[in-house]
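We did not get these values from a lab; they are worked out from the coordinates using the rules stated. Computed from a prediction, not measured in an experiment: that's the story for all the values here. With ideal geometry, Cβ positions are generated from the backbone for all residues, glycine too; neighbour counts draw on all protein chains shown.
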Amino acid sequence: MAKAQIVTIDSGRHNADLQATAERLSRSKTYQNLSTIIICPTRGQIHAKVVQSWMSLIRPMNQAVIGPMFAIGLEVGDAYNQMIQGIISNPGFDNYQYILTIEEDNIPPPDGLMKLYENIDKYDVVGGIYFTKGPEGQPMIYGNPNVLPKNFIPQPAIPETIQPCNGMGMGFHLFKLKMFREMPAPWFKTLQEYNPQTGSKCYTQDLYFYEQAAFKGYRFACDTRCKVGHYDINEDIIW
């Protein structure tokens, strides 16, 4: 049953603390240009559980967020290189600010992209946290930038914070597009080589990129508030 009320003038909850409201909107970056292109390398089939999470992803209101753009059947480093080269070569994308990488087995939260936008002005790449698959899964946060020499030693995850690092995976990560205009291609390379002077190098495409980008002075962080699932299609488990 409805309660009886005496109606009085009410300016609204957001007006009640206008300073707090302004700070909330500033954090969300919704008054900035958040134009984003979503890209995904794939073998060609993506599970419905993953697709459902992508369809639920909140996009900033009245902003140009397009994609996912897919590269099918290419080696993962080549897939990223070809998609990004196509983007920066297309004048229609000249004013776009960001690239969001998403991979075919990653399940982001609905507000994941909005969380990544909050701190992208402080870093050049901000990514959600996800773990390697399996019972012994490790967070894909590599290297403490305050520790020398620079390395990709795995970091333990610090809950609910923005955690600076030297590298991450690419399952759900927001990149400033200008990085790819400023750095020479190829940006991503799966590397397995031996040099008598420098020793062995075995990198996945992501850590190769982060090593090259760090030389240019770019900065990276993991947003551990943005919790991303890692779907194992064979076991039907989200790690």
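Some observations on this one:
- Packing, as the average of other Cβ atoms within 10 Å across residues, places the peptides 70-82, 44-56 in the order 70-82, 44-56, highest first.
- Counting beta carbons within 10 Å around each of Phe172, Phe215, Phe180 and listing the fewest first gives the order Phe215, Phe180, Phe172.
- A cut-off under 14 angstrom between Cβ atoms defines the neighbours of Pro135, and their net charge, with Lys, Arg +1 and Asp, Glu -1, is -2.
- Computed from Cα positions, the angle between helix 76-88 and the longest principal axis of the chain comes to roughly 60 degrees.
- Dipole in debye (nearest 20) - the stretch 1-105, about Cα centre, beta carbon charges: Lys, Arg +1; Asp, Glu -1: 480
- Between the stretch 1-75 and the stretch 217-233, the Cα center-to-center distance that results, in Å: 18
- Ranking of Lys133, Lys3 by count of other Cβ atoms within 10 Å, fewest first: Lys3, Lys133
- CD proxy at 222 nm, helix term only [per DSSP H run n ≥ 4: -39500 (n - 2.57); per residue of the chain; nearest 500]: -7000 deg cm²/dmol
- Nearest-20 debye value, the stretch 85-167 charge dipole, Cβ charges on Lys, Arg, Asp, Glu: 260
- Each of Val7, Val126 has some number of other Cβ atoms within 10 Å of its Cβ, and from fewest to most they run Val7, Val126.
- Total lysine pairs under 13 Å (Cα atoms) in the stretch 33-238, excluding pairs fewer than 8 apart on one chain: 4
- Angle in degrees between helix 205-215 and the longest Cα principal axis of the chain, rounded to the nearest 10: 90
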